[in-house]
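For reference, the structure discussed in these notes is given below.
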Amino acid sequence: MSARHFLTLNDLNRDELRNVINRAIELKSNLKAGKENISKPGKILCMIFEKSSTRTRVSFETAIVQLGGHGIFLSPDDSQLGRGEPLEDTARVLSKMVDCVMIRTFEHEKLMTFAEYSDIPVINGLSDSFHPCQVLADMQTYFEMCGDIQGKTVAWLGDGNNMCQSYINAARQFDFFLKIACPATHQPDGQLLAKASSHVEITDEPEQAIKGADLVVTDVWASMGQEQESEERAKVFSIYQVNSRLMSLAAKQAIFMHCLPAHRGDEVTAEVIDGPQSVVWEEAGNRLHSQKALLEFLI
Ligand code: CP
Ligand code: NVA
């Protein structure tokens with residue numbers, strides 16, 4: 001049987017995604033109760049990071065160790081990848097040694113190439129186009145705190161980036177309605193939007209997107225690799241800042257999420273991210289549990 005991968009949320013079907021989330025919730029409660037889940041003894045996860053990370057690195061490494069396995073961290077600086085060894089060759093070699101590979105990189109195509117040549121599961125730990133592991137944790141958080149997200153309304157404010165694009169996939173897979181507010185110059189991919197047209201609406205007015213929303217989400221205005229555009233982006237995105245005025249337009253019980261790291265005073269005010277509607281710490285913590293459930297599913 002060929003390996004299953006997790007490059008986008010579309011790599012698992014709806015039932016599988018829900019099963020992973022339910023298992024994540026179960027694993028979380030077992031861990032809290034002091035019960036071990038050593039379901040993957042001796043399994044090795046190799047983690048390749050071409051960009052910085054705190055949450056993804058620590059949650060994946062902790063997850064595989066808690067499952068009874070071991071994590072190996074590789075960066076381009078200390079592997080032959082940084083010296084030009086082809087991805088195809090690296091994928092074939094790692095397939096002979098480890099049980100799963102997680103990759104954080106720039107071009108999504110690199111992940112697709114790696115997966116094509118890999119006999120073992122490949123997980124997207126963030127690419128320029130998608131960040132499915134984060135949205136899996138976000139969905140777990142919503143289910144835990146508010147119940148099923150089916151039929152609910154989610155507002156995305158800001159850049160049409162990798163997180164936004166994973167929310168577009170999530171809208172279809174979890175059957176919620178996504179309202180995106182972003183500048184016309186920074187919209188998500190047109191083909192992705194067209195495919196999701198029954199579940200997604202796009203506007204350049206933040207008030208229109210956030211009105212009545214059950215979940216409000218944003219992300220940095222300049223993603224990794226776009227640092228040199230920070231100043232120009234801060235001007236373009238300023239009206240999309242999630243602040244108390246905008247939050248007051250969302251549903252009364254609305255919660256706020258951000259994948260982190262956050263820039264208080266830019267895409268979100270301190271009042272909102274540190275306020276009562278924010279669930280960002282639970283959301284970040286759920287990276288551990290949802291990825292543990294994902295590793296159990298894939299390996
Ligand atoms: N949200 C997220 O992926 O964080 P890191 O960049 O710290 O991994
Ligand atoms: N959009 C952000 C997410 C960081 C977790 C980035 O790509 O840098």
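With the crude spin-label approximation of a point 7 Å out along Cα→Cβ, what separation in nm comes out for K110 versus K35?
Roughly 4.1 nm, to one decimal.
Defining a contact as two alpha carbons under 8 Å apart and six or more residues distant in sequence, what relative contact order in percent does the chain show?
Working: 588 pairs, mean separation 60.7, N = 299.
In percent, rounded to a whole number, it is 20.
Using the structure shown, list the pairs from K51/K292; K152/K235; K51/K96 with a Cα-Cα distance above 28 Å, or answer none. Intermediate values should be presented prior to the final figure.
Working: K51/K292 22 Å; K152/K235 31 Å; K51/K96 25 Å.
Check vs 28 Å cut-off fails for K152/K235.
At 0.36 nm per residue, minus the direct Cα-Cα distance, what do S230 and C146 gain on full extension? Give it in nm, one decimal, please.
Values: separation 84, 0.36 × 84 = 30.24 nm, distance 3.45 nm.
Value of the extension gain: 26.8 nm.
List the trypsin sites (Lys or Arg not before Pro) in the range 26-133 that DSSP assigns to loop (not H, G, I, E or B) and whose Cβ has at most 12 other Cβ atoms within 10 Å. Which are they? Mind showing how you got there, number by number?
Numbers: sites: K28, K32, K35, K43, K51, R55, R57, R83, R92, K96, R104, K110; in loops: K35, K43, K51, K96.
Here the sparse-neighbourhood loop sites are K35, K96.
What nm value, rounded to one decimal, do you get for the distance between D175 and S95 when each label is placed 7 Å out toward the C-beta?
Once both label points are built, they end up 3.7 nm from each other.
Per DSSP H run of n ≥ 4, the term is -39500 (n - 2.57); total these for the chain, divide by its residue number, and report the mean residue ellipticity at 222 nm rounded to 500 deg cm²/dmol. Before the final figure, lay out the partial values.
Details: 12 runs with 123 residues, N = 299.
My calculation for the chain gives -12000 deg cm²/dmol from helical runs alone.
Tell me, what ³J(HN,Hα) does each residue in the range 209-226 have, in order and in whole Hz, if you take phi through Karplus 6.51 cos²θ - 1.76 cosθ + 1.60 with θ = phi - 60° and put x for Gly and Pro?
Taking θ as phi minus 60°, the curve returns 6, 7, 4, x, 5, 8, 9, 10, 10, 9, 7, 3, 7, 10, 7, 4, x, 10 Hz for the range 209-226.
Once you keep just the Cα pairs under 8 angstrom separated by 6 or more residues, what percentage relative contact order results for the range 186-283? Please report the intermediate quantities before stating the final value.
Values: 111 pairs, mean separation 29.9, N = 98.
30 percent.
FRET efficiency for H263 and S79, Cβ-Cβ distance as r, R0 = 30 Å, nearest 0.05? Intermediate results must be reported in sequence, preceding the final value.
Details: r = 31 Å, r/R0 = 1.03.
Approximately 0.45, to the nearest 0.05.
If eta is 1.306 mPa s and T is 10 °C, what Stokes-Einstein diffusion coefficient results for the range 1-154, Kirkwood Rh from Cα pairs, in µm²/s?
Working: Rh = 16.5 Å.
Answer, rounded: 96 µm²/s.
Here, each number is a calculation from the coordinates, and none is a lab measurement. What you see is a predicted model, and the numbers here were worked out from it, not measured in a lab. All Cβ positions, glycine included, derive from the backbone under ideal geometry; neighbour counts span all protein chains shown.
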